[in-house]
1. What are the residues in the stretch 25-36 that are part of a helix (DSSP H, G or I) and touching a Ser or Thr at 6+ places or on another chain (Cβ under 8 Å), if any?
2. Test Thr20 against the criterion of being under 14 Å from Pro75 (Cα atoms), modelled with pLDDT of 80 or more and surrounded by 12 or more Cβ atoms within 10 Å (Cβ to Cβ), and give yes or no.
3. Cβ-Cβ distance below 7 Å, separation of 6 or more or different chains: which pairs start in the stretch 22-49 with a residue that is free of Cβ contacts under 8 Å to residues at least 24 places away in the same chain and end on one that is of a type outside the set (A, V, I, L, M, F, W, C) and part of a loop (DSSP other than H, G, I, E, B)?
4. Take the residues in the stretch 28-57 that are at pLDDT 75 or above and of a type in the set (S, T, N, Q); name whichever of them is nearest to the chain's Cα centre (by Cα).
5. Evaluate the stretch 58-70: report whether one residue or more is part of a loop (DSSP other than H, G, I, E, B), at pLDDT below 75 and under 13 Å from the mean Cα position of the chain (by Cα).
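The values are calculated or read from the model by the stated rules, or taken from the named source; none is laboratory data. Bear in mind the structure is a predicted one, so any value in this text is a computation, not a measurement. Note: ideal-geometry Cβ built from the backbone for every residue, glycine included; neighbour counts use all protein chains shown.
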Amino acid sequence: MLEFLSSVWWMLVTLGVLVTFHEFGHFWVARRFNVKVLKFSVGYGNFIWSNYWIHEILISMSVTKNNLLPIIQNPFTNVH
């Protein structure tokens, strides 16, 4: 039983890491094509870490909110 639970745990961790890299790809491509990224968030639950990244898109300013949350199973990128 412990081996099964360990396998499930590592499967969830691996999926969380893979989905995080996938969403970072959306973030990276959006930034390269000057698309405004409103939020890049990893996980859900209470905030562990959060900051704002201010950057310039062509001639206007843009702000991206970055979040790190404790349960890393729901990363997302919010673009405008």
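1. His26, Phe27, Ala30
2. In short, yes.
3. Ile48/Pro70
4. So the residue we want is Ser41.
5. The answer is yes; a qualifying residue exists.
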